[in-house]
Amino acid sequence: MSRAIKKEKATAHNLKHTVAKGMLWGGVSNTVCQLLSLFFGIYLARILTPDDYCPIGMLAIFSAIAGSLQDSGFVAAIANRKKVGHDDYNAVFWFNILISLLMYAVLYFCAPLIADFFNQPILVDLSRYNFLGFVVAGFGIAPSAYLFRELKVKQKSIALILSITISGATGIALALNGYSYWGIATQSIMYVLVRTLVCWYFTPWRPTFKVRFYPLKYLFAFSYRLLITNIFQRFNWNIFSFILGKFYPRDVGNYVKSAEWFNMGGEVVNGMVNAVAQPVLAKVVDDNERQLRVFRKMLRFTAFVAFPLMLGLSLVSKELIVVVLTDKWIESAYMLQVLAIWGAFMPLQSMFTNLLVSRGKAAVFMWCTIVQGLLTLALLLALHPFGIRNMIIAYCIFNGLWLFVWHFFAKKEIEIKLQMFLIDTIPYLFMAAIVMIATYHVTLIIENIFVLLVARILIAALLYIGIAWIARSKELFEITNFLFKRKVDL
């Protein structure tokens, strides 16, 4: 065997080992981080009140957009560049320092305007303190990009776990001492600080004062669409708390908490979809017929998991919130009921967006996201006089209907007809809906809220699995095959 072939095999083996190790650490990290975030979130919510979360919720959209501008898509750009040297990392490091300081200066002087907009004087000092996180985060973009490119998943996992643990403990300590929203702001700053320090500890690269900014031209050419899309995605996710902060300030805290639980539930399915959809679809991009077949298979699996999980979250939202967070958060439970129904359709949207990106249609993804965000803003502004619940219902209906816009563009790529889409998803929607309705009526006689929560979860799960088994659902049997390590083909 020639030396070249041996070298190629060794390289392939090392890559497979690195990927397997990275997936293991990524899975462990995601599980641990979700559990830690859940623990600290529950503890804080039991100490604090919805009013304590209001000021931070009002600032969320500014933090989200500034965070997107700060990253500028450079992490993804560096990861996708074939060769990266010291000048690339050095340019990104100093550029982000300058951008971070500039953004903080702008937001510092805009703090009185933000406070006036929401009619909350406390936001002047609070926003200036909270936005310090941007300056700290600016120092962490380059080392984070290095660890991401070099597949240092273990090191990034350690950074995440330590940052959540230390910042969470800090937030709880401050909340117990009566610092409320100041404690929440300090928690977010501490999270960024610890994560940045740990990333630097694991990164051998160091910046120099001899800076060449020419690499930014090539990096930005790759990343600008990602940047714009990311800004509008974060805008879309945070627009509700922004509008509520203006017209219904006392409801911001409840919405923030309902969105937090909604995101935790949605992340379970979205995490699975986003982890595999794009790379798998990209591998079959040259064969439209096969890509359509693969896409429909993944679409059915997504619907099979997403509908019962999120409709189930809607079913138990009241019991879950009262049991875990106490009844002072009951208003957030009603919001969560509606949001979770829309959340059942979010993973299907992720499937379409991943398809478009795999087909090189980043521009379509960008413009569609921009239009969706602007129309959402107009809708919420028009409906705010009709109350927060009507706003949430309209928001969810609009975003659910936008799924057909994504389908329109996907159809242009792989000829997935509307009939195909409905055939692949509607049966699981009906099955999950029937199960939740039946579970609701069966458990009406249960008065103890703890027993009611457990009963609804168990009955809904057993009914759904039982109906899927009787219907000989391929998705159920493929999950079973996977659990027993049997081969499943795409």
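Some values worked out for this structure:
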item: Residue within the stretch 376-390 that is modelled with pLDDT of 90 or more, outside any helix (DSSP H, G or I) and in the same structural domain as residue 317 (by TED's automatic domain parsing) present; result: no
item: Considering residues of the stretch 80-110 that are surrounded by 18 or more Cβ atoms within 10 Å (Cβ to Cβ) and touching a Pro at 6+ places or on another chain (Cβ under 9 Å) only, the residue nearest to residue 212 (Cα to Cα); result: 91
item: From 445, 470, 414, residue being in the same structural domain as residue 370 (by TED's automatic domain parsing), over 14 Å from residue 348 (Cβ atoms), touching a Phe, Trp or Tyr at 6+ places or on another chain (Cβ under 8 Å) and of a type in the set (Val, Ile, Thr); result: 414
item: Residue check, residue 163 without any contact (Cβ under 8 Å) to a residue 40 or more places away in the chain and either touching a helix residue (DSSP H, G or I) at 6+ places or on another chain (Cβ under 8 Å) or surrounded by 17 or more Cβ atoms within 10 Å (Cβ to Cβ) (or both); result: yes
item: Conditions (1) crowded, with 20+ Cβ neighbours inside 10 Å; (2) aromatic (Phe, Trp, Tyr); (3) closer than 18 Å to residue 233 by Cα; number of the one not met by residue 329; result: (3)
item: Residue satisfying all of: in the stretch 420-436; hydrophobic (A, V, I, L, M, F, W, C) and in contact (Cβ under 8 Å) with a residue 40 or more places away in the chain; surrounded by the most Cβ atoms within 10 Å (Cβ to Cβ) among these; result: 432
item: Number of positions in the stretch 88-131 that are without any contact (Cβ under 8 Å) to a residue 24 or more places away in the chain and over 23 Å from residue 218 (Cα atoms); result: 14
item: Qualifying residue in the stretch 396-407 (condition: farther than 23 Å from residue 233 by Cβ and either loosely packed, with under 15 Cβ neighbours inside 10 Å or free of Cβ contacts under 8 Å to residues at least 60 places away in the same chain (or both)); result: no
item: Complete set of residues in the stretch 240-285 that are more than 15 Å from the chain's Cα centre (by Cα), among the hydrophobic types (A, V, I, L, M, F, W, C) and at pLDDT 75 or above; result: 240, 242, 243, 244, 247, 252
item: Residue list for the stretch 318-356, filter: among the hydroxyl-bearing types (Ser, Thr, Tyr) and within 24 Å of residue 40 (Cβ to Cβ); result: 326, 332
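Listed here are the residues, each with its yes/no results for (1) surrounded by fewer than 17 Cβ atoms within 10 Å (Cβ to Cβ); (2) modelled with pLDDT of 85 or more.
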residue	(1), (2)
112	yes, yes
120	no, yes
135	no, yes
156	no, no
172	no, yes
181	no, yes
208	yes, yes
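Every residue, every condition in (1) closer than 23 Å to residue 127 by Cβ; (2) part of a helix (DSSP H, G or I); (3) under 20 Å from the mean Cα position of the chain (by Cα), yes or no:
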residue: 175; (1), (2), (3): yes, yes, no
residue: 182; (1), (2), (3): yes, yes, no
residue: 188; (1), (2), (3): yes, yes, yes
residue: 193; (1), (2), (3): yes, yes, no
residue: 220; (1), (2), (3): no, yes, no
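The values are calculated or read from the model by the stated rules, or taken from the named source; none is laboratory data. Since the structure is predicted, the reported quantities are computational estimates derived from the model, not experimental observations. Because the Cβ atoms are built from the backbone with ideal geometry, glycine has one as well, and the counts that use them run over all protein chains shown.
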